[in-house]
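First comes the structure, then the notes that go with it.
Just so it is clear, none of the values below were taken in a lab; they were calculated from the coordinates. Here the structure is a predicted model, which is why all the values come from computation and not from measurement. In this analysis, Cβ positions are derived from the backbone assuming ideal geometry, glycine residues included, and neighbour counts consider all displayed protein chains.
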Amino acid sequence: MIGPIIVQVVLIFLNATFASAEIAVISMSETKLKMMAEEKDKRAMKLFALVEQPAKFLATIQVAITLAGLLGGAFAADNFAGPLTDLLIGAGVAVPRNVLNSAAVIVITLVLTYFQLVFGELVPKRIAMKKTETLALGMSGILSFMAKATAPLVWLLTASTNGILRLMGIDPNQDEDTVTEEEIRMLLVEGNEKGIIPQEENDIIQNVFEFNDTSVEQICTRRRDVIYLSLQDDMEEWEQIIYENRHTHYPVCREGQEDIVGVLDTKDYFRLKDQSRENVMASAVDKAFFIPEIMKANVLFAKMKQTRNYFAVIVDEYGGLSGIITLHDLMEALVGDLRELEEPVEPEDIEKLDEGVWKIQGSADLEDVAEELKIKLDLDDYDTFSGYICGEIGRIPSDGESFHVETEDMSIDVRSVENHVIRETIVRLK
C-alpha cells in the first residue's frame, strides 16, 4: 500500500510542478526576461525561446498537467478502489460488490480531487505568484526538456487548435498589442496604492501620458494675464515693467495686444549699454514665434527643441491673441510646480474647504470642476468656471462686484472680480 501512495504523491508533485511553472512563466515580465536573455543568462535564454512561441509553450504545459492528472486518477482508481471495497465488505456492509466498487471509485476520486486541487494546483500557483522569477528561471531546464520530449504531440495539438480557430474566422498567427497605455496607467496606480511607486514619480509618468493629449491652450498664460511692452510707452516705462515683473520674455506690441511685432529677451536687454528704443529693438527683440491654440503640448515641445524658440505666442482661429506659453510652462505640465522662491504662490484652482464646500478660482478648468464636484456641467460652451458663471447670469460682471448665483446643483458666492473676470468663488453643493 505504501508503494501506490508514493506513486500518487509523485504524480501530484508533477502536476504541482507544471501548474506552478505555467503561472510563473506567464506572470514574469517578458521585457525583463528578454533583457536577461540578451545578457546571455542561460536559464533566461531557454525560457525566452519557449515564451517566444506562446501557443507551443501552453500546449507543452497542458500536455504535462493533463497527463499527470489522468494518470493520477486512473492509478488511484485502479489501486485503491479494490482495497476500499474489500474493507467495506469486511466491515459487514450488505451491498453488492459492484455497487460498493463504484461507490469506492467515486469516494477515491473526490478525495484525490481535493488533494489534486490543493497540493497540485492552488498552493503551487500561489507560490508561483509570490516567487515568479525564481520559479520561472529555476524550471527553465525542465520546461525545455518537456518541450523537446512532447514536440510531436504538441505539434499535433497546435495544428488542431489553429485549424479550429481558422474555422471560427480567427487568425491564430495575428499579433495583437498585449500592453495598452490604459493598462500601464492602471499598473502605475496599483503600484502607487501599494507603496511601490512614490506619488511624485506616479504623477510625473501620468503627466507624460497626458502630455500628448494636452493642448497649449490648457497650460498657457491667458491673454488677460499677459504682461506686454507697448511701443506707445517710453523706455522708462519699459524698464519699470521689466523690473517689477521679472519675466524672461515680454511680447512687444505696436498699439494693443493684437499687434505683436516681436518678443523682448531680457538677457539680451540687460547686456546692452545703449538701451535706446532703436538699439533695443534691433538687438534684444526677436521675431515672434506664433502657434495655433489647438497645437498639442508634445508637438510644441518638439518644435521648441528644433527651432530653439522657448517663448511662443498663441493665436486663435481668427488670428487674435489667445495667450503665451514658454518652455517653463511645458516642463511644469510634466513635472509639476517649478515656482521660484521669490515668485508669489498662486492659489489652487480648486480647494476643498469642508464637506460639500469648495473655494474655486474663476480660471479653473470647467471639466476639472465637474470632476471634483461630481456634477454635470455644460462643457461644450464654456472652458473656465468664470465663463460658466457669466453664462448663468447672462452678463459680464463689473470690477469689484460680489454676488450670489443659484444653479441646479450649486450655490455660488462670487468673492472678487478683476478686469471683468471672476477671480474667486465659494461653492456649496446642494
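Both the radius of gyration and Dmax for the range 22-62 are 9.9, 30 Å, in that order, over alpha-carbon atoms. Residues whose amide H comes within less than 5 Å of that of Ser416, counting only those at least five positions distant or on another chain, are Arg423, Glu424 (H built at 1.01 Å from N in the peptide plane).
Taking neighbour counts of Cβ atoms within 10 Å as a proxy for exposure, in what order, fewest first, do Glu408, Glu332 appear?
Working: Glu408 8, Glu332 15.
The most exposed by this proxy come first: Glu408, Glu332.
Computed from backbone phi with θ = phi - 60° and the Karplus coefficients 6.51, -1.76 and 1.60, the 3J(HN,Hα) list for the range 413-423 is 10, 7, 8, 8, 10, 10, 6, 6, 10, 5, 9 Hz; x is used for glycine and proline. Two numbers describe the Cα atoms of the chain: Rg and Dmax, which are 35.9, 121 Å. When the listed pairs Lys40/Lys131; Lys40/Lys296; Lys46/Lys125; Lys32/Lys374; Lys125/Lys374 are checked against a 31 Å cut-off, the alpha-carbon distance exceeds it for Lys40/Lys296; Lys32/Lys374; Lys125/Lys374.
Rounded to 0.05, the FRET efficiency of the Phe115 and Gln62 pair, given R0 = 22 Å and the Cβ-Cβ distance, is 0.60.
Length gain on complete extension for the stretch Glu52 to Lys287, per 0.36 nm per residue less the alpha carbon to alpha carbon distance? Numbers along the way, then the final one.
Details: separation 235, 0.36 × 235 = 84.60 nm, distance 5.47 nm.
Gain on stretching Glu52 to Lys287: 79.1 nm.
Counting only residues at least eight positions apart within a chain, or on another chain, the lysines with an alpha carbon under 26 Å from that of Lys273 are Lys287.
Which order do peptides 300-306, 72-78 fall in by mean Cβ count within 10 Å, highest first? Please list the in-between numbers first.
Details: 300-306: 15.1, 72-78: 16.9.
Descending mean neighbour count gives 72-78, 300-306.
Phi angles across the range 14-29 convert, under the Karplus curve 6.51 cos²θ - 1.76 cosθ + 1.60 with θ = phi - 60°, into 3J(HN,Hα) values of 4, 4, 4, 4, 6, 5, 5, 4, 4, 5, 4, 5, 5, 7, 5, 5 Hz, Gly and Pro given as x.
Under a model in which nothing but the beta-carbon of Lys, Arg (+1) and Asp, Glu (-1) is charged, the chain shows a dipole of about 4020 debye around its Cα centre.
Cβ-Cβ distance of Val123 and Asp225, R₀ of 56 Å, FRET efficiency by 1/(1 + (r/R0)^6): the value works out to about 0.30. Amide H contacts under 5 Å for Asp259: Arg254, restricted to partners 5 or more places along the chain or on a different chain, H placed in the peptide plane at 1.01 Å from N. What relative contact order, as a whole-number percentage, does the chain give when Cα pairs under 8 Å and 6 or more residues apart are counted? It comes to 10 percent, rounded to a whole number. Treating the angle as unsigned and between 0 and 90°, give the value, to the nearest 10°, between the Cα long axis of helix 181-193 and the longest Cα principal axis of the chain. So the inclination is approximately 90 degrees. Ranked for footprinting exposure by Cβ neighbours inside 10 Å, fewest first, Leu58, Leu165 give Leu165, Leu58.
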